[in-house]
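The values are calculated or read from the model by the stated rules, or taken from the named source; none is laboratory data. These numbers were taken from a predicted model, which means no experiment stands behind them. Glycine also receives a Cβ, built like all others from the backbone with ideal geometry; neighbour counts cover every protein chain displayed.
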Amino acid sequence: MEIEGKGNPAFREHVWIRIDEHPPEHWQLGSLRPTKEMIELITASK
C-alpha cells in the first residue's frame, strides 16, 4: 500500500482485500503443501 499509494495516507481508505477461506488440505506455505498430519502438528502446538 505504501508503494502504490506513493506515501498518500488517504490511499489506505481505498484498498480492498479479499480473503478466500479453504479447507486446510488446500493450504500452501510457499512451495510446501502441508499434509493433514503436518497441519495437525502445527495446530496442536498452539
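In table form, for the structure just shown:
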read-out	value
Complete set of residues in segment 7-29 that are under 30 Å from residue 40 (Cβ atoms), charged (D, E, K, R) and surrounded by 10 or more Cβ atoms within 10 Å (Cβ to Cβ)	25
Neighbours by Cβ (under 9 Å, 6+ apart or cross-chain): first from segment 14-30, part of a loop (DSSP other than H, G, I, E, B); second modelled with pLDDT of 80 or more and of a type in the set (Val, Ile, Thr)	27/39
Criterion violated by residue 40 - all others in (1) among the charged types (D, E, K, R); (2) part of a helix (DSSP H, G or I); (3) modelled with pLDDT under 80 satisfied	(3)
